[in-house]
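Since the structure comes first, as structure tokens, the remarks are kept for the end.
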Amino acid sequence: MEHNENNYMEQRVTLATHTSKTFGWMFFGLMVTFVLAYTSYTTGFIFNILSIPSIMYILPLAEILLVIVLSARIYKLPVAATHALFFVYAVLNGLTFSVYFLVYDLASMIYVFAVTSGMFGVMALYGFFTKSDLTKWKTVLFFGLIALVVFWVVAMFINLSAFETIACSIGVLIFVGFTAYDTQKIKLCYEAYYNDPEMLEKVSIYSALQLYLDFINLFIYLLRLLGRRK
């Protein structure tokens, strides 16, 4: 009985280490993004970026491509390559994100960042400790995300500003849901790969990327709802 309890404690510590590493990578990515975005804004480098033709289309497309590559090749990529792709994604997103410093008041952005951190933290704790199976959320969250994408694409051609508050509110709900869902997936990935250290390291980066995207999108939607424009 004591031997089984020791094994259980050892496994729990291992899971805790894996989870800590995953969130560590997420926080590292966020730090790279926000520091680079703020530095680009304060140094005026953002204007050099914006002077490049179609750059605000090129950067998002490059980010999407990186996510696709990391998702599709996670089993075949070396560990170092997954680290590098995650870092490059954080850098590219930092360049894109610097535009928000031109649009929104800095104090307002700090306030929204604090609100985002609180909501993200609560949902991450829920996702980790809940006994409920959150995989049943996947379909609703996925189709909600598709609906949001369709809305913003249509909004590029048709004035839908009257519905923007509703869309942003739905976006907040979707990404707090994804935060809990993706946090629970950390445990599922651990259970699937705890005997394969290399694969466990790679899925840690992939999980970190998903949580990073949850935080960034939650921040953006809250900023559009609560942020004060210059």
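The values are calculated or read from the model by the stated rules, or taken from the named source; none is laboratory data. Note that this is a predicted model, so its numbers are computed, not measured. Note that we place each Cβ from the backbone using ideal geometry, even for glycine, and neighbour counts take in every protein chain shown. Surface accessibility is based on the protein's heavy atoms, side chains included, excluding ligands, DNA and RNA. Shrake-Rupley method; radii C 1.70, N 1.55, O 1.52, S 1.80 Å.
Within a straight-line Cα-Cα reach of under 18 Å, LYS202 can be paired with the following lysines, leaving aside sequence neighbours fewer than 8 residues apart in one chain: LYS21, LYS76, LYS185, LYS187.
Percentage of Cα-Cα pair distances in the chain greater than 24 Å, rounded to whole percent? If you can, show how the numbers build up before the last one.
Values: 13080 of 26335 pairs.
Of all Cα-Cα pairs in the chain, 50 percent lie more than 24 Å apart.
The value of relative contact order for the chain, using C-alpha pairs under 8 Å at least six residues apart, is 33 percent.
Computed from Cα positions, the angle between helix 197-226 and the longest principal axis of the chain comes to roughly 40 degrees. The charge dipole of region 82-230, taken about its Cα centre with unit charges on the Cβ atoms of Lys, Arg (+1), Asp and Glu (-1) only, comes to about 400 debye.
Taken over region 84-209, the convex hull of the Cα atoms encloses 140 Å³ per residue. When the trypsin sites (Lys or Arg not before Pro) in region 82-146 are filtered for DSSP coil states and for at most 14 other beta-carbon atoms within 10 Å of their beta-carbon, the remaining sites are LYS131. Under Stokes-Einstein, with the Kirkwood radius over Cα pairs as Rh, the value for region 151-190 at 25 °C and 0.890 mPa s is 206 µm²/s. In the chain, the portion of solvent-accessible area held by carbon and sulfur atoms comes to 70 percent [1.4 Å probe, whole percent, DNA, RNA and ligands not counted].
Against the chain, whose longest principal axis comes from its Cα atoms, helix 106-129 is set at around 30 degrees. Candidates THR33, LEU102, THR130 compared by Cα position along the dipole of the chain: farthest toward the positive end lies LEU102, with charges placed on Cβ.
When the surface is traced with a 1.4 Å probe over the full set of protein chains, VAL140 keeps roughly 110 Å² accessible. Once the 1.4 Å probe is applied to the protein heavy atoms, the chain comes out at 55 Å² accessible per residue.
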